[in-house]
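For reference, the structure is listed below as structure tokens.
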Amino acid sequence: MSAIQMRIHMTEWKMNASKMFQNATKFLEAYHVVLQPICKESGLPPMAVDILLFFSNNPDRDTARDVCQCRGWKPGIVSVHIERLVNEGLLERQEVPGDRRKNRLVCTDKAQPLIRRARVLQKGFAEKLMSGLRQEQIAEFRNCLSVIDRNITEIRENGISAGETEGEETC
């Protein structure tokens, strides 16, 4: 690849990376707009509802650390929202046997009606995101996301070398 081609390639990538970050931000903003009816009804901010749904939808990921790792949120902010959810009786702290410093966070019975209504909104959000796409396009999109996810994991674990930036793109 010539120096000019490399500069063009890098400029295209920067535009694509920039667009990816913009879409990630817009995705979260749109998701929080969809959650607004639940937020108004419950008096909870979108992030608190999102945290509650995280624990409900991911019972194997049941600590504040899990939320922070999966969502990329700061522990202090997550802690404030978890405290509110606990105080409102929507989340319960349970000690982890053998590690008194660690608490599992479990959705309470009181949280279940709110969770059911929020899941309906989540489903509508997912359906709206995919509206206008054929099933084969959705399948290919999921395949691309799977490849990207594997690549992200590899980059996080190993970084990349200069030689890896050349060549054909998979998706």
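The values are calculated or read from the model by the stated rules, or taken from the named source; none is laboratory data. For clarity, every value in this text was computed on a predicted model and none was experimentally measured. All Cβ positions, glycine included, derive from the backbone under ideal geometry; neighbour counts span all protein chains shown. These accessible areas exclude ligands, DNA and RNA; they are computed on the full protein's heavy atoms, side chains included. Shrake-Rupley method; radii C 1.70, N 1.55, O 1.52, S 1.80 Å.
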Inset, instruction - With the checklist (1) at pLDDT below 95; (2) surrounded by 11 or more Cβ atoms within 10 Å (Cβ to Cβ) in hand, flag the one item residue 153 doesn't pass. - result: (2)
Inset, instruction - Test each condition in (1) of a type in the set (Gly, Ala, Ser); (2) open to solvent by 50 Å² or more (accessible area, probe 1.4 Å); (3) touching a helix residue (DSSP H, G or I) at 6+ places or on another chain (Cβ under 9 Å) for residue 131 and report the one that comes out false. - result: (3)
Legend entry - For residue 105: the one exception among (1) in contact with a strand residue (DSSP E or B) (Cβ under 8 Å, 6 or more places away or on another chain); (2) at pLDDT below 95: (2)
Inset, instruction - Test residue 22 against the stated conditions and say whether it is among the polar types (S, T, N, Q), modelled with pLDDT under 95 and farther than 23 Å from residue 127 by Cβ. - result: no
Legend entry - Residue under evaluation residue 100, criteria (1) free of Cβ contacts under 8 Å to residues at least 40 places away in the same chain; (2) open to solvent by less than 70 Å² (accessible area, probe 1.4 Å), criterion not met: (2)
Legend entry - Given (1) modelled with pLDDT under 95; (2) surrounded by fewer than 13 Cβ atoms within 10 Å (Cβ to Cβ); (3) over 24 Å from residue 26 (Cα atoms), index of the condition residue 87 fails: (1)
Inset, instruction - Go through (1) in contact with a Lys or Arg (Cβ under 8 Å, 6 or more places away or on another chain); (2) loosely packed, with under 12 Cβ neighbours inside 10 Å; (3) closer than 19 Å to residue 114 by Cβ one by one and return the number of the condition residue 62 breaks. - result: (2)
Legend entry - Evaluation of residue 115 against (1) in contact (Cβ under 8 Å) with a residue 12 or more places away in the chain; (2) more than 16 Å from residue 38 (Cβ to Cβ); (3) open to solvent by less than 70 Å² (accessible area, probe 1.4 Å) (one fails), failing number: (2)
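Yes/no matrix, rows are residues, columns are (1) within 21 Å of residue 125 (Cα to Cα); (2) over 13 Å from the mean Cα position of the chain (by Cα); (3) in contact (Cβ under 8 Å) with a residue 24 or more places away in the chain:
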{"site": "37", "(1), (2), (3)": "yes, yes, yes"}
{"site": "53", "(1), (2), (3)": "yes, no, yes"}
{"site": "58", "(1), (2), (3)": "yes, no, no"}
{"site": "76", "(1), (2), (3)": "no, yes, no"}
